[in-house]
Structures are given as C-alpha cells and as structure tokens.
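The values are calculated or read from the model by the stated rules, or taken from the named source; none is laboratory data. For clarity, every value in this text was computed on a predicted model and none was experimentally measured. Neighbour counts are summed over all protein chains in view; Cβ atoms, including those assigned to glycine, are modelled from backbone coordinates with ideal geometry. Ligands, DNA and RNA are stripped out before the accessible areas are found, and what is left, the full protein with its side chains, is counted by its heavy atoms. Shrake-Rupley method; radii C 1.70, N 1.55, O 1.52, S 1.80 Å.
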Amino acid sequence: MDNMAITPKGLRLLLAGLLVIVAGFLLMIGGGSDDPAVFNYDMFDFRRLVAAPVVIVCGIVIEIVAIMGARGKGKDEK
C-alpha cells in the first residue's frame, strides 16, 4: 500500500470533492417554465446564480488539493 500513487486520505478527499460538485449541480436544478410565453423569474435567484457556482468551485478546489496534496516523496525526500 506504500507504493500507491494516492493515499487513502487523498481518495477520501477526491470522493468528497466529487460529492460537493454534484451538490452544486443539484442546486442549479429547476426554475424552468412549462409555458414558453410565461417568464419565470426563479431562474435568476441567488441559489442558482451565486451559491451553486461557488459550491462547484469549492468542489474543484477540493479535487485539486486531493490530487496535488498527494504524497510527494521523491528521490530527494525521505
């Protein structure tokens, strides 16, 4: 297990980041209108325009930390 490219902690972070990204996309769901002649202002609420993209970006940051924060022991470090 010592030779694995990603640690169990990194794998858990990857899965957590994926769940956060999925949660962000779930926040964007809805707000459409059944009748094209009627405009639905729910498409432009805070949750869809601000909260969901921020949650998705946080998930991407978690993914980057999980990948880049992997064990970096090379030839020089011991």
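Worth pointing out:
- Residues of region 1-47 satisfying the condition of being part of a loop (DSSP other than H, G, I, E, B) and either closer than 30 Å to residue 68 by Cα or touching a residue at least 24 places away in the same chain (Cβ under 8 Å) (or both): 1, 2, 3, 4, 5, 6, 7, 28
- Among the residues of region 1-26, none is identified as closer than 16 Å to residue 51 by Cβ and among the hydroxyl-bearing types (Ser, Thr, Tyr).
- Taking the criterion of being open to solvent by less than 60 Å² (accessible area, probe 1.4 Å) and under 24 Å from residue 6 (Cα atoms), the residues of region 24-68 that qualify are 56, 59, 62, 63, 66.
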